[in-house]
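Everything on this sheet refers to the single structure shown next.
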Amino acid sequence: MDLFISQIDQALGPNPDTPEVHVQQGRNAELPSCFAVTDLAFASVRAAAVELAALGGAPEVTIDRRLTAMWFDMTLRPTGWALPSAWDAIAGVYKCADGWIRLHTNAPHHRDAALAVLSCPADKASVADAVADWRKSDLEDAIVQAHGAAAAMYDMAEWAAHPQGRAVADAPLIAWSAREAQAAPVALAGLKVLDLTRVLAGPVTTRFLAGFGADVLRIDPPWWGEPGVEPEVTLGKRRAGLDLNHPADRAEFEALLAEADVLVHGYRPGALDGLGYGPDRLHTLAPHLIEVSLCAYGWHGPWAGRRGFDSLVQMSCGIAAEGMRRTKAAHPVPLPVQALDHATGYLMAAAVLRAIRVRNTSGQIRSARLSLARTAALLTATGPRDMEGKKIIETPDDLAPGVEHTDWGPARRLKFPIRLGDVGPSWLYPAGLLRKDVARW
């Protein structure tokens, strides 16, 4: 864990205001994995907590390691209703002629792309039959070229030799940029955060910020939905809808940008530029804007523009293959949680908070770029090991007091693992449906 902490601290930069960090309970909690996934979880949450405490002047922070691991999974516990499945019926791993591939089909257009390439009916058995005739890399390329999302399974050595693996290895964990703007100081309470992120890392970032006072406004296009995780990641946020292809909606978006303090987005390299909001345009519209963004496979290299998700990156970078090898399983074995998403989300939150402190002390505007693949490199750099850990058994005491009245029904939520002294998060809004609110601060 110390290696993760030191590398994250190095990526964030010198911190003269580091508070005292206490580990509360579950010091030995360990999710089952052949990688140090719980250490990564704790180190990333610690980074966000330390930056939060330093920004608010808190002398100490307490982190519950056991709850930290639990918050890397679903945290909402419905009462009298059920969460929708997190996965589409077609999503999953399939055996190719020469290995394995994972299809990510939660978004309808990604599902349609995969089925069009495979020319088969939309049922798992038919997909499995069709996939079996393909070489894994050929099918991966075909689905990606059809604007779908898929990843062949490579082992760690193959990824290390791959041009994209090499590009990721050469990249910083957090890529900072800065410009001089002499911006006025801002506080986290009421900080205006414009959220253009989707499942899952970016929404984790903004959920954290919302819990400690930020005014988070999430924007989604009219056609987007992520029903499997909306109850999980919309906590604390207002949620509006805009179509950036329509002039009237663009005007509303630009008015929001002009007042925003922070923009968090997950657009692939070049995608935001294609909408007319490249760096120069953003700086013109919002000279004091802090921009923190992520992508799947990194910002440089042949796959920099590739669509990707946590489960796909785990296939590409050798995590699923190593899990399969060490457990002697008959199929790929991923991490027990989507740790790349969650860890990247907390690192992005730490970057936002550090950028606010820099702005407040120097007037300089910093922005940061992160990627799931680079977070994966942080995890795998410590090396695999034999399987350790076990499933964490939840108890009634793990639930926060009170009922969260979501748009789907009442629920309880797990206690949050971070406290600043005696103060924890306070989310103003329960989880709710997308595009429910007006696009206004």
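State the extension gain, in nm to one decimal, for the chain segment bounded by Trp441 and Gln7, taking 0.36 nm per residue of separation less the distance between their alpha-carbons.
Values: separation 434, 0.36 × 434 = 156.24 nm, distance 3.64 nm.
Going from the current span to full extension adds 152.6 nm.
Compared with the direct C-alpha span, the chain from Leu275 to Asn15 gains 90.0 nm at full extension, assuming 0.36 nm per residue. Note on Gln364 and Arg325: the model spin-label points, each 7 Å out from Cα along the C-beta direction, lie 4.2 nm apart. Heavy atoms of the protein chains alone define the surface here; on that basis the chain has 40 Å² accessible area per residue at 1.4 Å probe size. Comparing Asp64, Asp141, Asp170 in a Gaussian network model of the chain, where Cα atoms under 10 Å apart are tied by springs, the biggest mean-square fluctuation is seen for Asp170. Highest-first packing order for the peptide set 104-115, 421-432 is 104-115, 421-432, based on the mean count of other beta carbon atoms within 10 Å. Size descriptors for the stretch 199-253: radius of gyration and Dmax over Cα atoms are 12.1, 34 Å. In the stretch 118-190, taking the dipole from charged Cβ atoms about the Cα centre, the farthest positive-side position among Gln145, Leu173, Gly190 is held by Gly190. Heavy-atom surface analysis with a 1.4 Å probe gives the chain a carbon and sulfur content of 54 percent of its accessible area.
Provide the convex hull volume over Cα atoms per residue for the stretch 132-186, in Å³. Kindly include the intermediate steps, with their values, before the conclusion.
Working: hull volume 9.8 nm³, N = 55.
Per-residue hull volume (Cα only) is 178 Å³.
Taking only the Cα atoms of the stretch 263-312, the radius of gyration and Dmax are 12.0, 37 Å.
The calculated P(r) of the stretch 370-441, using every Cα pair and 10 Å bins from 0, goes 13, 25, 30, 27, 6, 0 in percent. Note on Ala160 and Asp73: their simple-model spin labels are 3.2 nm apart, each label 7 Å out from Cα toward Cβ. Where both bridge residues fall in the chain, DSSP classifies roughly 50% of the beta bridges as antiparallel.
Counting charges near Ala368 (Lys, Arg +1; Asp, Glu -1) among other residues having Cβ under 15 Å from its Cβ returns a value of +3.
Report, to two decimal places, the Cα Rg of the stretch 336-394 normalised by 2.2 N^0.38 Å (N = number of residues). Could you put the intermediate results ahead of the total?
On the way: Rg = 16.0 Å, N = 59, 2.2 N^0.38 = 10.4 Å.
Rounded to two decimals, the normalised Rg is 1.54.
Each Cα pair under 8 Å and six or more residues apart adds its separation to the average, and for the stretch 1-152 the resulting relative contact order is 19 percent. Translational diffusion of the chain, estimated by Stokes-Einstein from the Kirkwood radius over alpha carbon pairs at 25 °C in a medium of 0.890 mPa s, is 110 µm² per second.
Our note on the geometry: Cα centres of the stretch 191-255 and the stretch 389-436, 19 Å apart.
Taking a straight Cα-Cα cut-off under 24 Å and skipping sequence neighbours fewer than 8 places away in the same chain, the lysines within cross-link reach of Lys391 are Lys328, Lys415. Annotation: lysines with alpha-carbon distance below 16 angstrom to Lys436 (same-chain offsets under eight excluded): Lys237.
Computed over neighbours whose Cβ is under 10 Å from that of Gly190, the net charge equals -1, Lys and Arg +1, Asp and Glu -1. Applying the Kirkwood pairwise sum to the alpha-carbon positions of the stretch 230-376 produces a hydrodynamic radius of 17.3 angstrom. Phi angles across the stretch 33-50 convert, under the Karplus curve 6.51 cos²θ - 1.76 cosθ + 1.60 with θ = phi - 60°, into 3J(HN,Hα) values of 6, 8, 10, 7, 5, 6, 4, 4, 4, 4, 5, 6, 5, 4, 4, 5, 5, 5 Hz, Gly and Pro given as x. Note on the chain: GNM, Cα springs under 10 Å; of Ile393, Ile101, Ile290, the largest mean-square fluctuation is that of Ile393. Computed over the chain with a Gaussian network model linking Cα atoms closer than 10 Å, the most mobile of Leu263, Leu244, Leu378 is Leu244.
Placing a pseudo-label 7 Å from each Cα along the Cα-to-Cβ vector at Trp224 and His246 gives an inter-label distance of 1.6 nm.
Give me Rg over Rh for the stretch 1-117, both radii from the alpha carbons and Rh done the Kirkwood way, two decimal places. Don't skip to the answer; put the middle values down first.
Working: Rg = 19.8 Å, Rh = 17.7 Å.
For the stretch 1-117, the value is 1.12.
What is the calculated FRET efficiency for Val403 to Thr284, with r their C-beta to C-beta distance and R₀ = 45 Å, to the nearest 0.05?
Numbers: r = 45 Å, r/R0 = 1.01.
Calculated value: 0.50.
For the stretch 294-432, the normalised intensity computed at q = 0.13 Å⁻¹ comes to -0.87 (log10 of I(q)/I(0), Debye sum over alpha carbons, equal scatterers, no solvent).
Which value, in debye to the nearest 20, describes the size of the charge dipole of the stretch 139-292 about its Cα centre when Lys and Arg Cβ atoms bear +1, Asp and Glu Cβ atoms bear -1, and nothing else is charged?
Details: 12 positive and 21 negative charges, 67 e Å.
So the dipole magnitude of the stretch 139-292 works out to roughly 320 debye.
Computed over the stretch 324-382, relative contact order equals 32 percent, with contacts defined as Cα pairs under 8 Å that lie 6+ residues apart.
The values are calculated or read from the model by the stated rules, or taken from the named source; none is laboratory data. It should be emphasised that the depicted structure is a prediction, and the values quoted were computed from it without experimental measurement. With ideal geometry, Cβ positions are generated from the backbone for all residues, glycine too; neighbour counts draw on all protein chains shown. What goes into the accessible areas is simple: the full protein's heavy atoms, side chains included, and nothing from ligands, DNA or RNA. Shrake-Rupley method; radii C 1.70, N 1.55, O 1.52, S 1.80 Å.
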